[in-house]
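A short worksheet on the structure shown next.
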Amino acid sequence: MFYERLRTVCKENNTSVSKMLKDLNLSTGSTGHWKKGMLPKGEVLAQIADYLHTSIDYLIFGEYRTNLNEDQLRLLELYESTPERAKYKVLCDFEQIVNIEIEKFAQKKEAV
């Protein structure tokens, strides 16, 4: 249920639903509807998800939904686990590797 997930995510972010609503200048009157199973409007959902550093999918469905395949998700995980000071170097190195592999592929294709 949306409201239970919202409370859980708020707790994980060391805040409460009422504090989050106050910080976002949203009415606390809606929580009664949410407790009964209704969902906030899309714009409000987006504000809440952004504030809580989560996704709308997670707030609504309780899971992260994505169109990325396992390899793409693994790359994202590795990048996110990289210390901030090293992320730029990782991107530059990865770009260089990709460019080298593209060149090799083009050369092999020309040779055929």
**Study point:** Of [x] 21.1, 69; [y] 14.0, 47; [z] 13.4, 44, the label for Rg and Dmax of the Cα atoms in Å derived from the coordinates
**Key:** [x]
Revision key, fill the gap. Once the mean of 1/r over all distinct C-alpha pairs in the stretch 2-61 is inverted, the Kirkwood radius in Å reads 11.2
Exercise for review: Using only Cα atoms, find the angle between the long axis of helix 70-81 and the longest principal axis of the chain, and express it within 0 to 90 degrees, rounded to the nearest 10.
Suggested key: 80
Review point. Taking the Cα centre of the chain as origin and charging only Cβ (+1 Lys, Arg; -1 Asp, Glu), how large is the dipole, in debye to the nearest 20?
Key: 560
Study note, to complete from the structure: Net charge (Lys, Arg +1; Asp, Glu -1) of residues whose beta-carbon lies under 14 Å from that of Lys87, Lys87 excluded, is -3
Point to revise | Neighbourhood net charge (11 Å Cβ-Cβ; Lys/Arg +1, Asp/Glu -1) for Leu78 | key: -1
Practice item. Tell me which residues come under 5 Å, amide H to amide H, from Leu24 once H is placed; ignore anything under 5 positions away on its chain. Key: none
**Study point:** the stretch 107-112 - phi-based ³J(HN,Hα) in whole Hz, Karplus 6.51/-1.76/1.60, Gly and Pro as x
**Key:** 5, 5, 5, 5, 6, 7
Exercise for review: Only Lys, Arg, Asp and Glu count, each charged at its Cβ (+1, +1, -1, -1), so figure out the dipole size of the stretch 54-99 about its Cα centre, rounded to 20 debye.
Suggested key: 160
Exercise for review: For Leu52, list long-range residues whose amide hydrogen, built 1.01 Å from N in the peptide plane, is under 5 Å from its own amide hydrogen.
Suggested key: none
Check your understanding: What is the distance in Å between the Cα centres of the stretch 24-43 and the stretch 55-90?
Key -> 28
Point to revise | the stretch 70-111 - Debye-derived log10 I(q)/I(0), Cα point model, q = 0.20 Å⁻¹ | key: -0.70
Exercise for review: Compute the FRET efficiency between Glu95 and Tyr58 as 1/(1 + (r/R0)^6), taking r as their Cβ-Cβ distance and R0 = 30 Å, and round to the nearest 0.05.
Suggested key: 0.45
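Coordinate-derived values only; no laboratory data. As the structure is a computational prediction, the values presented were derived from the model and not from experiment. Here the Cβ is made from the backbone with ideal geometry for all residues, glycine too, and neighbour counts use every protein chain on show.
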